[in-house]
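Only one structure is covered here, and it is reproduced in the block below.
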Amino acid sequence: MSRWLGAAVVVVLLAAVPIWFEAFWLQTGLFAMAAIIAAIGLSILVGIAGQLSLAHAFFVAIGAYGYAYLADRIPPLLALVAAVLLAGVAGALFSPIAGRVRGIYLGLASLGLVFLGQHIFQNATGITGGYRGVAVPPFSLFGFEFTGADGLVVLGVPYGPLEKLWYLGLVLVALSLWYGHNLVRSRPGRALATVRDSEVAAATNGIDVVRYKAAAFTVSSMYAGLGGVLMALAFGRIVPESFGLLLSIDFLVMVVIGGAGSVGGAAAGAVFVTALPLILNHYSGSLPLLAEPGSGGVGAAEFSRLLYGAAIVAVLLFARDGLAGLVHRKERVV
Amino acid sequence: MRRVGLLAVVLAFTVTACGKGGAEEEPAKGSGEQAVKTGPGASADTITLGYLPDLSGVFAPNGKSQMEGANLYWDAKNKAGGICGRQIEVKVQDTGYDPQKAVAAYQQLSGDVIGLGLVLGSSIVNALLPNVQQDQMFLNFAGWTSDILPSENVAIAGTTYDIEAINAVDFLMKEHGVASGDTIGHLYFEGDYGENALKGSKFAAEKHGLEILEQKITPADQDMTGQVSAFKKAGVKAILFSAAPPQAASLAGLAASQKLDVPIVANGPGWTPQLLTTPAADAMEANYFVVSSMAPLSVQSEGVTKFLSEYQAKYPKGTPSSNGSLYAYAGAQIADAALTKACENKDLTRKGVLDALHSLTALDTGGTVAGTLDFSDPASPPGSLVYIAKVSKDAPGGLEALGEPAQAADAEGYSF
Amino acid sequence: MNQFVTLFVGGLFLGAIYSLVALGFVTVFKATHVINFAQGSVLLLGAYVIARAHESVGFALAVALGVLAAAVASVLIDAVLIRRIRRADLGTLAILTLGVDILLATELSRRIGTDVLNIGAPWGSDVTEVAGIRVATSRVLAGGVAAVLVAGFWLAFKFTDFGIAMRSAAEDGEVASLMGIRLNRVAATAWALAGALAAIGGLFLTSFPAAGVTGSVGLLALATIPAVVLGGFDSPGGAVLGGLIIGVVSVLTAGYQEELSFLGRGLGGVAPFAVMLLVLLVRPSGLFGTREVTRV
Amino acid sequence: MHDLRVSYAGAVKALRGVSLSVPEGSVVAVLGNNGAGKSTLLRALSGTLPASGGAITGGTIELRGKALPRDDAASIARSGLVQVPEGRRVFANLTVEENLRAGGLAAPDRAKRAEARAWVDELFPILRERATQRAGLLSGGEQQMLAIGRALMASPQVLLLDEPSLGLAPKIVERVGEVIREINARGVTVVLVEQNAAMALAVADHAVVLEVGEVALRGTAEELAESEAVRERYLGVSTQAAATGTRVESSAQPLAVEALSVRFGGLAALSDVSFTVEPGSLHALIGPNGAGKSTCLNVLSGVYAASAGSVRYGSHELTRLRPHRIAALGVARTFQNIALSPRVSVLDNLLVARHRLMRSGFLADGLKLPRARRERAEHEARVREIAELLGLTELERPVGTLSYGTRKRVELARALCAEPELLLLDEPVAGMVRDESAAMADAISRARAELGISVLLVEHDMTFVMGMADRVTVLDFGKRIADGTPATVQRDPDVLKAYLGAAA
């Protein structure tokens, strides 16, 4: 009973955010939501299935570009679904390598995909617009446009694209968390965890290891694709530079400091990694330690970068189960 | 449940702390001559300008010197009384050259500023443009690509990379004996800057029957061995350069070492005085030229002299650069002119400033930017003249202007 | 043809520098099973110290200082951080070094700021003519130094007590410790060597024909990742060969950009990764890497 | 060594107060079954416990009155206590010469090193001949010589030998025995850890028998060799053959192994082995360490590829199937080293075995469709039944937090949850105390009776096997040396020899 009440309070509060918070917070929140969705996917791949991947940014880009390209041609909702499927197909196509190459070789091989992707996005100007990028068509659902054009006002607050996207983001995040939670404790989820802990044990329990590795890549890429679509919508315009190595690394950091294999941890890691620099920047004026931008000394941007590095080191040294481990103090497992 | 309760309290607290502030325009208050209509970013005693440089990403060095230039200008302006009685406040947000951060940074600034004094990078401007248009803000773009045209909101100090490249080809043909049928190499960055310059050089090449040998690189490429070798094999008569200083040093040094003794003409961002401390300094002094609408610091114009003296007073240890601090300085001059004009029009709203900007048809920057600037047509860059300068170890900033700013005849027929 | 030879030779010399950095990766991996992503910022640190010090203490001493600084920094990463979670999995250790890399690289680029620091090499932009091909002297020297160092490494690995301790520890750490080999000492030595190699790699990567030390030089170490993977993570020979291959591939794809323009321009940075992917498809553990064995 | 206590990861108590004193210049043998704590004892002595997640929780270790450090293997080695690890573990990619040099790094000085080198050359002339070859290319026996030689290079005062006879031919084992005596003759104290009681008792002065982390017997070698208790432990002789299980009604098909051979590189792990598991029977596959039992099991479950021969389950040829296909035929197995997911709950670990019986996939399960929920509920109910059959409670706990014995039972339960027709068990009672192993035997028998399955059991513990098997196949050095009922096998002279050596 109290759980339902608590959930209801959280839902109401989250739904009220656009009424109270300024555009900056909505924008930051949307980026965090996009990161949460994609990070859950990577957590399934790295944490549950034990397949190290540095290619996540590539699959995020497939989702983002896929949506931007398709939404001009088919209804945006279909474009969203198609973009997610497209990312899934890209993940499945990578599975011959994923099936053959193991461990750190897989991680670094997948790194190659990010560089190849960047090259393709820069050069396939017909679809991606090259370095100029492409405008992302606004989302619409059964004729309801996610733009400010309809002049919708709620409680005195004009509802523009950010306010509307906020709700789309909430729904997508909720669905992603729900699916992720279900998956972890389901037949395929158990199969993936067994593949991670012992491929031999998995195989002798009737699990087709190669197929499940490919499936893990596919599902994870579909998550990445969905995250990519939301990211594209939050941006309004996407350029190749957004989907580079740094983004891939960020995703891996989210998963590791969140606590590999924990869906909730990945979400927490995503919020931390995405929002930390934005929020530090936001408050840079009120933090006495930081130098004014442009005045030399340690500025907010450098400070947040240093904090990011220090957080990675600290979490790995002192909280090995990541942020998720801090919440659930579990018995230490061998 | 206790956790949820706590969360609710925290949230409620945050909510009350930062309720969504309205951003309505205030009607003209007061009476008589003082009645100036204001909007977001302008009050009775301050005008707030937003700056979105890159302070932590790949162009952080540029970003820092740009902020030096901007601060220099506005500090002096404020000391002299500000603009129509109002002090200018500068709000800076770092973009890290990351469109995602830039969008968030913009959202953070947008409620409080009247316009954007400087934004670095065309991918960032592209990402911001939908919002900027909706907010009717003016935006001073650091980066000279014509991709951004036509946009009502964007102001560029001077001309664009493609026009620079056309002028560069013209210069090579007139002064360095490049003739129809020759091949010119063009080494350019992937992305807006390089590819915009390439558009110009291709236009000029077609017009004059020249061949262009393209070599595209990325900022991560630091060693031009392969590129120089390709140029040498093709027997290029000259090289156009649209990349960054580290690549310039590598290119010039390698060309000299491979006995590829041809002129290299670079766009503005291809130069920094630091290059004179590299081993390639001699090679650059012999063959390196820069085409830019920003004045080389050796030009003795009123604006540049003023800039230099102010700069040395404020940053005795700093090194002024023409596409960093001087550019932001010139950008501030433009913003100043638009704001002043808007104030004269009694309309310090964002729209008012934008209209004021477009009414400037012959803005004289005192020579920091070549020629006078005309902002009336959003479809073409405000300036069309360029300085051509030669590397010289003795000149301030390492560049010595070759003659007065000029414009190649070809540029007239060029469509953006 | 002449162009091909010029490019090929240029690529080999560039590759020789990559080989040094890659050898550092492999040394650390063999001794401690860590993928050291901090190699890039250690490289930057070495180059930075050389560039800052050469004016006051002279080039030779500056190089010594730079190498020392990089080696010490590298050892500290191992001794202070890695050692505490030595038995963590590969991914965790790799991310840990990434965190260190972010810290070190951020601070160094802040210090370097807008500057392009001259590394101060006495040979400047001199050029040497070898069999009709003109190559930057610094590259020839780099090739020579790389050859000497690689040979020295090989000899030391093969014949000295240290080399035997190192190889024993790499093959079976537990048994090595049973033989009285101090693993922490072996690890520290490996990290120190990797740091020193990175600094020397940094010296040559930032001297002519490159411009000098900028904040982004650390990223150059990324270019050696395909080299290491290509050669096989635990194979020093593979690292050297991989470095050479990557050098040649990137210079050739740049030089033949016109002919390869159907693949899109600007291939130089991508080609090494593409080659790496192709090699991994055929040999999942690189050219000379040891295959992972599944134990039951 | 006094009252030594060691535990792994706080859960498994591997040594529970072992005291042992080794007189200078003697040879002391430490005997015991798999999991008795022999290796743990050596790890504690040599300071390598932390590397395997163990820790000394009590007691002291002293060498000549001086306490040894607990976790610094290198300085222990340098202080003169040098170990020859189990399974030889030579540095395969180093040459023979380099291996010896590696050993010499712990020698106190150059002179000692040279002296040791001369001695090694004298002891093992073969190593001299093969000095420039890679150690990985040597035969098993030569590798053992090299491993001993490598340890001698450090001029040890005390030499610890961990299972030096493991997987070696009888002639070589004899040679190893001689070498140990020669080494001892030079004044080096030797601690010999062995499963091969015959060999160990032949060379040792004193011996102790460890059993589940405690000293069960101690005495001089002669006393122990004559002791009935030792015979019982190694051959299960005193257990009455009457206890043999009866065959159960079964839907399983016969498993026929014919002329099976497996080669790793040049090494023959199995050669020409044949036997048949009749439906509903409990068939035991036994043999000393390194005899090829586990290899055989790995081929049956598809983990290793056979070099020659065939394995047929009913009409299916298993050697050509991938493991998950074999599982789909109703063949389940357990692992000697426990291959459970430690961070996952017992329940979920058990449900993994239902994989082949369940149908829901990424869509149905992820979206929690009613079909998937119903399926899950049905299977969970069945899993709980089986867990109860094996006495498993606390199904929500992560497996990694359970004791070793319980984990072993979870491992068995998981195999049973697959509803197999044929169950392959790899050393189900290794490392268990007597009560635990009795409970395990009981669990296996009950499961067999209730579920009607055939069982192929690989085991070390003779007592355990003799009590329950219908039929026994004995392997030694990859070859079948006996096959028949427990009673016949127990009296087979080849078997006696394999277990107790020629002396028995």
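A few comments on the model shown:
- Residue match in the stretch D:155-174 (condition: open to solvent by less than 10 Å² (accessible area, probe 1.4 Å), assigned to a helix (DSSP H, G or I) and under 19 Å from D:Glu86 (Cβ atoms)): no
- Condition check for C:Ala254: in contact with a helix residue (DSSP H, G or I) (Cβ under 7 Å, 6 or more places away or on another chain) and at the interface with chain B (Cβ under 9 Å from one of its Cβ atoms): yes
- Inspection of the stretch A:181-192 finds no residue satisfying the criterion of being more than 8 Å from every other protein chain (Cβ to nearest Cβ), more than 30 Å from D:Leu300 (Cα to Cα) and in contact with a Leu (Cβ under 7 Å, 6 or more places away or on another chain).
- Residue count for the stretch D:480-497, restricted to those that are surrounded by fewer than 20 Cβ atoms within 10 Å (Cβ to Cβ), among the hydrophobic types (A, V, I, L, M, F, W, C) and more than 17 Å from D:Ser165 (Cβ to Cβ): 1
- Pair list, Cβ < 7 Å and 6+ apart or interchain, from the stretch D:111-137 residues that are outside any helix (DSSP H, G or I) to residues that are crowded, with 17+ Cβ neighbours inside 10 Å and among the hydroxyl-bearing types (Ser, Thr, Tyr): D:Ala131/D:Thr95; D:Thr132/D:Thr95; D:Gln133/D:Thr95; D:Arg134/D:Thr95
- For the stretch B:304-322, residues that are surrounded by fewer than 24 Cβ atoms within 10 Å (Cβ to Cβ) and touching a strand residue (DSSP E or B) at 6+ places or on another chain (Cβ under 8 Å) total 0.
- Within the option set B:Val178, B:Val132, B:Val119, being more than 30 Å from C:Arg139 (Cα to Cα) and either open to solvent by 10 Å² or more (accessible area, probe 1.4 Å) or within 13 Å of another protein chain (Cβ to nearest Cβ) (or both) holds for one residue only, B:Val132.
- Among (1) in contact with a His (Cβ under 9 Å, 6 or more places away or on another chain); (2) within 14 Å of another protein chain (Cβ to nearest Cβ), the one test that C:Val63 misses: (2)
- Considering the stretch A:153-173, the residues that are open to solvent by 60 Å² or more (accessible area, probe 1.4 Å) and of a type in the set (A, V, I, L, M, F, W, C) include one that is nearest to A:Ala15 (Cα to Cα), namely A:Val171.
- Filtering the stretch A:223-266 to residues that are under 21 Å from A:Gly309 (Cβ atoms) and either surrounded by fewer than 24 Cβ atoms within 10 Å (Cβ to Cβ) or facing another protein chain (nearest Cβ under 10 Å) (or both) leaves A:Gly244, A:Leu245, A:Leu246, A:Leu247, A:Ile249, A:Asp250, A:Leu252, A:Val253, A:Val255, A:Val256, A:Ile257, A:Ala260.
- Every pair of residues 6+ apart whose Cβ atoms lie under 6 Å, when the first sits in the stretch D:374-385 and is farther than 13 Å from D:Asp348 by Cα while the second is assigned to a helix (DSSP H, G or I) and at pLDDT 90 or above: none
- Breaking point among (1) more than 9 Å from every other protein chain (Cβ to nearest Cβ); (2) part of a loop (DSSP other than H, G, I, E, B), for C:Pro284: (1)
- Top-ranked residue of the stretch B:361-398 - restricted to ones that are in contact with a Leu (Cβ under 7 Å, 6 or more places away or on another chain) and of a type in the set (A, V, I, L, M), ranked as surrounded by the most Cβ atoms within 10 Å (Cβ to Cβ): B:Ala389
- The stretch A:1-41, residues that are of a type in the set (Val, Ile, Thr) and either touching a residue at least 60 places away in the same chain (Cβ under 8 Å) or not in a helix (DSSP H, G or I) (or both): A:Val17, A:Ile19, A:Thr28, A:Ile36, A:Ile37, A:Ile40
- Residues of the stretch A:11-31 satisfying the condition of being under 27 Å from A:Asn281 (Cα atoms), aliphatic (A, V, I, L, M) and open to solvent by 10 Å² or more (accessible area, probe 1.4 Å): A:Leu13, A:Leu14, A:Ala15, A:Ala16, A:Val17, A:Ile19, A:Ala23
- Unique match (being in contact with a Ser or Thr (Cβ under 8 Å, 6 or more places away or on another chain) and of a type in the set (A, V, I, L, M, F, W, C)) among A:Ala214, A:Ala232: A:Ala214
- The helices (runs of 4 or more DSSP H) falling completely within the stretch A:87-158 that include 1 or more residues that are touching a Lys or Arg at 6+ places or on another chain (Cβ under 8 Å) and within 8 Å of another protein chain (Cβ to nearest Cβ) map to A:103-123.
- Residues in the stretch A:204-222 that are surrounded by fewer than 24 Cβ atoms within 10 Å (Cβ to Cβ) and without any contact (Cβ under 8 Å) to a residue 60 or more places away in the chain were compared, and the one that is nearest to A:Val263 (Cα to Cα) is A:Ala215.
- Condition check for D:Val120: in contact with a Gly (Cβ under 9 Å, 6 or more places away or on another chain), modelled with pLDDT of 85 or more, surrounded by 22 or more Cβ atoms within 10 Å (Cβ to Cβ) and of a type in the set (Val, Ile, Thr): yes
- Candidates are the residues of the stretch C:82-102 that are facing chain A (nearest Cβ under 8 Å), touching a residue at least 12 places away in the same chain (Cβ under 8 Å) and farther than 15 Å from A:Ile257 by Cβ; the one that is most open to solvent (accessible area, probe 1.4 Å) is C:Leu90.
- Taken as a whole, the stretch A:188-201 holds no residue that is over 30 Å from D:Glu411 (Cα atoms) and at pLDDT 85 or above.
- Among the candidates C:Val28, C:Val34, residue that is open to solvent by less than 30 Å² (accessible area, probe 1.4 Å), within 14 Å of chain A (Cβ to nearest Cβ) and assigned to a helix (DSSP H, G or I): C:Val28
- All positions within the stretch D:84-110 that are at negative phi, touching a residue at least 60 places away in the same chain (Cβ under 8 Å) and either in a loop (DSSP other than H, G, I, E, B) or more than 26 Å from the chain's Cα centre (by Cα) (or both): D:Pro85, D:Glu86, D:Val90
- Entry remark, the stretch D:386-440: residues being among the basic types (Lys, Arg) and under 14 Å from D:Asp348 (Cβ atoms) number 2 in total.
- Identification of helices (runs of 4 or more DSSP H) wholly contained in the stretch C:66-171 with 3 or more residues that are over 30 Å from C:Gly289 (Cβ atoms) yields C:90-112, C:137-159.
The values are calculated or read from the model by the stated rules, or taken from the named source; none is laboratory data. Just so it is clear, the model here is predicted, and its values are computed rather than measured. We place every Cβ from the backbone using ideal geometry, glycine too, and count neighbours over all the protein chains shown. Just so you know, the surface numbers come from the protein's heavy atoms only, side chains and all, with ligands and any DNA or RNA stripped out. Shrake-Rupley method; radii C 1.70, N 1.55, O 1.52, S 1.80 Å.
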